[in-house]
Amino acid sequence: MNTRENILNMTKNRSVSSISFFQRLRRTPYQSIAAIFMIFITLFVMGVFLFIAGGLSGILTYFESKPQLTVFFKDEKDKASIDTLIDKLKATGRVATYKYISKDQALAIYREQNKNDPLLLEMVTADILPASLEISATSPEYLSGLADIVKKEPGIDEVVFQKDVVDTLVSWTSTVRKIGIVFIFFLFISTFFILFTSIGMKIALKKEEIEILKLVGATPWYIRKPFIYEGVTYGLMGATGAWVIVSVIMLYLSPFITSFLKGIPALPLLEMSGFTLQIWPFSPAIFLLLWVVLLLSGLIIGLFSSLVAVSRYLRY
Amino acid sequence: MILFDSVSKKYSRSTTALDDINLKVEDGEYVFLVGPSGAGKTTILRLLIRDLLPNHGTILLDDWEINKLPVRKLPYLRRKVGFVFQDFKLLSDRTVAENIAVSLEILGKSRSDIDRRIDEVLKIVHLDSKENHFIGQLSYGEQQRVAIGRAIAGEAKILLADEPTGNLDPKTSWEILKIISDINKSGTTVVMATHNVDIVNSLKKRVVVLSSGKIVRDEHKGKYS
């Protein structure tokens with residue numbers, strides 16, 4: 001390209017707008033990178049926490065919807081006496097649903113769960129698995145009454161309350177939520193101060209330019225706009241980075257989660273008028289939701305910090 | 001129309017910049033403010049864009065009472081006036097075209113209007129070959145022309161120029177003066193503070209002479225001394 005073409009080309013692409021975000025980034029790279037990185041860390045932790053909290057909440061919902069009492073029978077207990085027991089329980093009017101699982105059915109379930117592990121399959125036969133009865137009560141408070149009836153029966157090996165599992169999970173979920181919220185709150189505060197200081201320093205560096213712009217008739221918004229855009233861009237860049245990394249990690253961990261949640265096919269996150277959003281197995285919808293949440297969080301922290309910085313350092 | 005009615009300005013108790021100034025400039029006039037350093041020339045110009053506030057008196061610019069203007073209207077006052085600063089006040093990290101574009105962007109002009117107007121202004125100030133040069137790559141005279149370009153780009157009806165030929169060689173000074181005279185001929189009011197005796201004497205325009213903050217002479221088709 002000769003010089004004339006070069007000049008014509010430059011004229012054609014004449015940049016008349018204010019200095020772009022990337023020009024600013026190039027001029028003060030360390031402050032900008034620190035700000036973006038801090039937002040990234042905060043939103044990354046937030047993303048991971050949202051998955052853990054969402055997963056735990058899904059597990060909780062799963063167990064809450066499962067039979068709440070499981071009765072394991074000794075081998076000598078015959079089907080007829082089990083039917084009598086079922087009738088006795090139904091007579092209380094407190095049984096919502098029940099399901100009898102014979103030794104053979106128990107073996108089938110076991111085989112399904114361990115189909116990828118031939119060694120485990122070889123060692124187990126129907127004989128060593130107990131028959132069981134899964135009972136769901138119409139209300140959790142009837143559970144202990146139903147358990148008392150069962151325990152008086154002969155031939156009962158063990159009565160397992162699903163309620164115990166649920167209670168433990170509730171306490172875990174609540175603890176995780178509290179720790180997560182406190183941790184993320186402090187990360188957000190740190191991010192705010194780093195962004196606020198970074199934008200404040202940039203305003204100080206451009207003091208002369210700002211004075212000139214005021215003298216030639218720029219409105220406060222015209223002067224503030226680039227700094228607010230900068231804060232918002234940091235927020236959106238940090239959010240996108242965090243989303244990519246959290247998503248990659250979650251997809252990478254997918255096989256491990258499958259083996260950890262053995263036997264649990266799906267974990268619901270939201271159930272609303274016939275629509276169910278599952279947190280597990282991972283779907284595009286869940287990653288889209290995470291992207292929206294992180295992007296909004298990045299936008300809010302970027303916007304808020306820059307607005308506070310310009311109102312503090314850019315008084316007209 | 002510009003009107004100063006009994007305007008006084010003190011920088012401190014002992015420093016009086018302007019003392020009871022009465023001055024009226026009609027639309028389309030060309031006025032030189034002359035006088036020694038410290039006479040109050042720059043103060044008059046700075047009062048007109050409310051970079052300073054007077055201690056007494058009233059200043060009108062068209063129907064705007066400048067000293068009582070709410071702060072939120074300040075940008076709109078400054079857009080009514082093109083100002084060529086003594087120290088240029090150019091944005092050193094931007095090109096010639098970008099410096100001129102600033103005053104058009106502020107007005108909210110479209111991209112195509114900005115591009116078109118930049119081309120026109122660059123021709124007027126004879127900088128069409130240097131539009132992509134940064135300010136540091138220009139001579140003093142060229143920087144002065146960028147400052148004039150920025151001041152006239154928004155087509156304000158009033159142009160204020162503070163020593164636009166200061167520090168320039170005579171040839172460049174005359175070039176700058178020719179540009180400003182052409183702008184005045186197109187109907188723009190020009191108020192220029194200057195020290196340059198030759199320019200004032202040869203142009204035979206209205207001359208307002210200031211001394212120690214007072215108007216000591218106001219002559220149409222006047223001379224420096």
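The values are calculated or read from the model by the stated rules, or taken from the named source; none is laboratory data. All of these numbers come straight from a predicted model, not from anything done at the bench. Note that each Cβ is placed from the backbone with ideal geometry, even for glycine, and that neighbours are counted across all protein chains shown.
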> How many residues are surrounded by 14 or more Cβ atoms within 10 Å (Cβ to Cβ) and within 20 Å of B:LEU45 (Cβ to Cβ) if we restrict to the range B:182-225?
Replying inline: 29
>> Given the condition away from chain A (no Cβ under 13 Å), surrounded by fewer than 17 Cβ atoms within 10 Å (Cβ to Cβ) and either of a type in the set (Lys, Arg) or assigned to a loop (DSSP other than H, G, I, E, B) (or both), answer yes or no: does some residue in the range B:39-57 qualify?
In response: yes
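Among the residues of the range B:188-205, which ones are over 19 Å from B:ALA17 (Cβ atoms) and at pLDDT 95 or above? Give the steps one after another, and end with the answer.
Within the range B:188-205, the first condition is being over 19 Å from B:ALA17 (Cβ atoms), and the residues that meet it are B:188-190, B:196-205.
Correct list: B:THR188, B:THR189, B:VAL190.
Can you find a residue that is small (Gly, Ala, Ser), surrounded by 14 or more Cβ atoms within 10 Å (Cβ to Cβ) and more than 30 Å from A:THR61 (Cβ to Cβ) anywhere in the range A:218-227?
Pass one, the range A:218-227, residues small (Gly, Ala, Ser): A:218.
The next check asks that each one be surrounded by 14 or more Cβ atoms within 10 Å (Cβ to Cβ); those that pass are A:218.
When the remaining residues are screened for being more than 30 Å from A:THR61 (Cβ to Cβ), the result is A:218.
Looking through the range A:218-227, at least one residue is small (Gly, Ala, Ser), surrounded by 14 or more Cβ atoms within 10 Å (Cβ to Cβ) and more than 30 Å from A:THR61 (Cβ to Cβ).
If the requirement is being under 21 Å from B:HIS195 (Cα atoms) and in contact with a helix residue (DSSP H, G or I) (Cβ under 9 Å, 6 or more places away or on another chain), which of these qualifies: B:GLY28, B:GLY40, B:GLY57, B:GLY35?
Working: B:GLY28 fails: under 21 Å from B:HIS195 (Cα atoms); B:GLY40 fails: in contact with a helix residue (DSSP H, G or I) (Cβ under 9 Å, 6 or more places away or on another chain); B:GLY57 fails: under 21 Å from B:HIS195 (Cα atoms).
Unique residue meeting the criteria: B:GLY35.
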> In the range A:112-161, what residues are of a type in the set (Lys, Arg) and under 25 Å from A:THR97 (Cα atoms)?
Replying inline: A:LYS151, A:LYS152
> Only one of (1) under 30 Å from A:LEU270 (Cβ atoms); (2) at pLDDT 90 or above is not met by A:TYR100, so which one is it?
Replying inline: (1)
>> Among the residues in the range B:55-68, are any among the hydroxyl-bearing types (Ser, Thr, Tyr) and closer than 22 Å to B:VAL7 by Cα?
In response: yes
> Any chance the range A:90-105 includes a residue that's surrounded by 11 or more Cβ atoms within 10 Å (Cβ to Cβ), on the phi > 0 side of the Ramachandran plot and either assigned to a helix (DSSP H, G or I) or in contact (Cβ under 8 Å) with a residue 24 or more places away in the chain (or both)?
Replying inline: no
>> Can you tell me which residue is surrounded by the fewest Cβ atoms within 10 Å (Cβ to Cβ) among those in the range A:206-217 that are within 11 Å of chain B (Cβ to nearest Cβ) and either in a loop (DSSP other than H, G, I, E, B) or of a type outside the set (Asp, Glu) (or both)?
In response: A:LEU215
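Name the residue, out of A:GLY47, A:GLY54, A:GLY58, that is at pLDDT 90 or above, within 24 Å of A:ALA266 (Cβ to Cβ) and in a helix (DSSP H, G or I).
Being at pLDDT 90 or above, within 24 Å of A:ALA266 (Cβ to Cβ) and in a helix (DSSP H, G or I) holds for just one of A:GLY47, A:GLY54, A:GLY58, which is A:GLY47.
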> Would you call A:LYS178 within 14 Å of another protein chain (Cβ to nearest Cβ), within 30 Å of A:ILE301 (Cα to Cα) and either crowded, with 18+ Cβ neighbours inside 10 Å or at pLDDT 85 or above (or both)?
Replying inline: no
> Say we look at the range A:266-316 and pick out the residues that are surrounded by 12 or more Cβ atoms within 10 Å (Cβ to Cβ) and touching a Pro at 6+ places or on another chain (Cβ under 6 Å); which of these is nearest to A:ILE41 (Cα to Cα)?
Replying inline: A:GLN278
> Is it true that A:TYR222 is within 27 Å of A:PHE188 (Cβ to Cβ) and either more than 25 Å from the chain's Cα centre (by Cα) or within 14 Å of another protein chain (Cβ to nearest Cβ) (or both)?
Replying inline: no
> Of the residues A:LEU195, A:LEU253, A:LEU269, A:LEU277, which is touching a residue at least 60 places away in the same chain (Cβ under 8 Å), away from chain B (no Cβ under 14 Å), closer than 30 Å to A:ASN114 by Cβ and outside any loop (DSSP other than H, G, I, E, B)?
Replying inline: A:LEU269
> Of all residues in the range A:110-138, which are free of Cβ contacts under 8 Å to residues at least 24 places away in the same chain and assigned to a helix (DSSP H, G or I)?
Replying inline: A:TYR110, A:ARG111, A:GLU112, A:PRO118, A:LEU119, A:LEU120, A:LEU121, A:GLU122, A:MET123, A:ALA126, A:ILE128
